[in-house]
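What follows draws every value from the coordinates through simple rules; no lab data is involved. Computed from a predicted structure; not experimentally measured. All Cβ positions, glycine included, derive from the backbone under ideal geometry; neighbour counts span all protein chains shown.
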Amino acid sequence: MGYQEIIYNKENHVATITLNRPDAMNALTMHTYAELESALKETNTDKEVRVLIITGAGRGFCSGDDVKQVMLDPQRIQERDEEWRTRIKPTGTPAAAALLSFGKPLIAAVNGPAVGWGMDMALMCDIRIASERARFGELFVRRGLIPDIGGIYCLPLLVGLSKAYELLYTGDVIDAQEALRIGLVSKVVPHEQLETVSKELAIKIAKNPPLAVQMVKEAVRKGLNYDLARLGEYHGYALSILFKTEDHKEGATAFLEKREPIFKGR
């Protein structure tokens, strides 16, 4: 399948998805989300691929949603409301469901800022390798929203409840070394070595028996005993309310106008 907003390639049993909107710091449009979901499903069923790397083109890993399209476009607001009430409610967002149901090792090579859904995406990967230029931030609260499954489920597992709440409540952005200190990433490497280090790890994993590796992943999931359907249901319920609040519109508008938002609790 051909893609427009991502680059997809594979070599030596390793596939790479590169978000390819570098001028927008790889902000996600609805088209990007659809292509990411499609590529994940394609990779999951490709027997030649044993490991997947996700990274970003240019200076950023992913700056989250394209605010103008995803958060403020009137037509998308109506479409999204219907989507949250139906498709998203039982499973979580489609792209998150595709990440969380992905059956093979998944590595995030975080080459720059990973904020909003960009951070969520990195959190939903199995392993995170960070460039020294990486930054992480769960910015949803600043837009009057809640994170996806990455923030509300994976983050507390990785860094503990106290630190997770701090990051989720404040929307603070942390650098790569702080992410390493709190256990958010496995390692931090010089920026120019990120691609090499990530691919070396992917190839090392890919050399192991693929069925055993996939069963290790599934065993860990079962051990964590997460109920994706129940969590996805609450996530959809919360967003169906929050997307229609004045505070959400104010948060998104303030971001575009480069000013501090004024929230009113409605």
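Worth a mention:
- Extension gain, A254 to E48, is 69.6 nm, computed as 0.36 nm per intervening residue step minus the present C-alpha separation.
- Shape call, the range 110-266: gyration tensor on alpha carbons, a/c limit 1.5: oblate
- Taking 7 Å steps out from each Cα toward its Cβ at I262 and V173 produces label points 2.5 nm apart.
- For the chain, DSSP calls about 30 percent of its internal beta bridges antiparallel.
- Using a cutoff of 8 angstrom between alpha carbon atoms and counting only pairs six or more residues apart, the relative contact order for the chain works out to 20 percent.
- Inter-label distance, nm, simple model (7 Å from Cα along the C-beta direction), E218/D23: 4.5 nm
- Highest mean packing comes first when the peptides 61-67, 178-184, 113-119 are listed by Cβ atoms within 10 Å, giving 113-119, 61-67, 178-184.
- Quarter the surface of the alpha carbon convex hull of the chain and you get the mean projected area, 13.5 square nanometres.
- Dipole of the range 114-266, positive end: most advanced residue of T196, S131, T170 [Cβ charges, Cα centre]: T196
- Spatially near lysine pairs across the range 122-250, Cα under 28 Å, sequence gap of 8 or more or different chains: 16
- Ordering E257, E233 from the fewest to the most neighbouring beta carbons within 10 Å gives E257, E233.
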